Amino acid sequence: MSRFLIFLLAGLAGALIADKKGRDKLIWFLLCFFFPPLLLLLLFLPLKLAGGKTKQCPFCSRVVSSGDTTCKYCKKELPIEMVQCPGCGSFVPGKGYCIKCNRELK
Ligand SMILES: [Zn+2]
Ligand SMILES: [Zn+2]
């Protein structure tokens with residue numbers, strides 16, 4: 001029983017962390033639920049991920065600052081994804097939070 005709870009907590013924690021990383025919550029919930037050690041792996045990834053200040057390099061999957069135009073790890077040019085902010089209507093780069101009104105971008 002308590003073992004089940006630990007697994008459940010691992011899954012929930014995984015989902016929470018994954019959510020902050022813009023990853024699939026359900027997948028990480030299941031991964032961490034069935035393989036709790038994966039949670040450590042998830043935690044081991046850079047802590048900087050939270051807060052919408054970072055983005056993931058599509059080429060090497062490492063985390064870079066959302067303002068970077070080139071990946072500092074693999075040196076590739078990062079595509080700038082422009083999205084329309086649902087809050088202020090401005091076109092702003094990327095995921096995370098709107099640089100103008102700080103609203104969360106979906
Ligand atoms: Zn890279
Ligand atoms: Zn905005």
Residues of segment 67-95 that turn out to be farther than 11 Å from GLN56 by Cβ and either within 13 Å of ligand 2 (Cβ to nearest atom) or not in a loop (DSSP other than H, G, I, E, B) (or both), as a count: 14
Segment 33-44, subset surrounded by 15 or more Cβ atoms within 10 Å (Cβ to Cβ) and modelled with pLDDT under 90, residue farthest from TYR97 (Cα to Cα): PRO36
Filtered residues of segment 96-106 (kept if within 13 Å of LYS55 (Cα to Cα) and in a loop (DSSP other than H, G, I, E, B)): none
Residues of segment 63-106 satisfying the condition of being of a type in the set (Val, Ile, Thr) and more than 16 Å from ligand 1 (Cβ to nearest atom): VAL83, VAL92, ILE99
Test result for CYS60, away from ligand 1 (no atom under 16 Å from the Cβ) and either within 16 Å of ALA18 (Cα to Cα) or not charged (D, E, K, R) (or both): no
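The values are calculated or read from the model by the stated rules, or taken from the named source; none is laboratory data. Here the structure is a predicted model, which means the values were calculated and not measured. Note: ideal-geometry Cβ built from the backbone for every residue, glycine included; neighbour counts use all protein chains shown.
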